[in-house]
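See structure below.
The values are calculated or read from the model by the stated rules, or taken from the named source; none is laboratory data. Remember, it's a predicted structure, so these values are computed and weren't measured experimentally. All Cβ positions, glycine included, derive from the backbone under ideal geometry; neighbour counts span all protein chains shown. These area figures cover heavy atoms from the full protein model, side chains too; ligands, DNA and RNA do not enter into them. Shrake-Rupley method; radii C 1.70, N 1.55, O 1.52, S 1.80 Å.
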Amino acid sequence: MSDRLQDGCIFCMIIKGEIPSFTIYEDDATKAFMDINPLTPGHTLVIPKFHTANIFEAPADSLGQVMTTVGKVSRAVDRVIAPEGINILQANGAGAGQSVFHIHFHVIPRAVDDGFTMNWPQVPGNMDDIGKTAKALQDDISKHE
Ligand code: 5GP
Ligand code: ZN
């Protein structure tokens, strides 16, 4: 296990127990603990128990294991906090707001009037452009998967 952790990574230090955490669940592959800067009460993070930076690098089987734990944690947060909704948020790269470069999924309880938004306007796209991008992505996936 320790050979799959990275020195200096804050979440690897949490896995090793070198930094304390409010852990609410763990299994062989994943760990869930409270975010110490919660957006709302109940804000939890779910990580794989080995170092991988982001969604581009994470092996498919570990993403499956992490999502299973995200589901478990979300159901607990829903029962215990009883929010009006829950966002699952996951950032890849600085441009997306990632600040800890060990992949993690945020489980964030939400309320209709909590004031937090990702409110991009719904402006209809150009169908030619959307179609061209879709084709490029289809081709890329069939080459790489
Ligand atoms: P990101 O910005 O990368 O999507 O999210 C990183 C999250 O990790 C932030 O919400 C931040 O509050 C949380 N975080 C950073 N350092 C620690 C820590 O030492 N312990 C815990 N529990 N959370 C942390
Ligand atoms: Zn790490």
### Query
Which members of segment 1-25 meet the condition of being more than 11 Å from ligand 1 (Cβ to nearest atom) and free of Cβ contacts under 8 Å to residues at least 24 places away in the same chain?
Ser2, Asp3, Asp7, Gly8, Lys16, Gly17
### Query
Do we find that Gly85 is away from ligand 2 (no atom under 16 Å from the Cβ), open to solvent by 80 Å² or more (accessible area, probe 1.4 Å) and either within 30 Å of Met13 (Cα to Cα) or in contact with a strand residue (DSSP E or B) (Cβ under 8 Å, 6 or more places away or on another chain) (or both) in this structure?
no
### Query
Only one of these conditions is not met by Lys72: (1) in a loop (DSSP other than H, G, I, E, B); (2) more than 16 Å from ligand 1 (Cβ to nearest atom); (3) open to solvent by 70 Å² or more (accessible area, probe 1.4 Å); (4) touching a residue at least 40 places away in the same chain (Cβ under 8 Å). Which number is it?
(1)
### Query
Which pairs do you get when a residue that is farther than 14 Å from Asp27 by Cα, found in segment 48-64, comes within reach of a residue that is among the hydroxyl-bearing types (Ser, Thr, Tyr), reach meaning Cβ atoms under 6 angstrom, with the pair 6+ apart or on two chains?
Ala58/Thr52
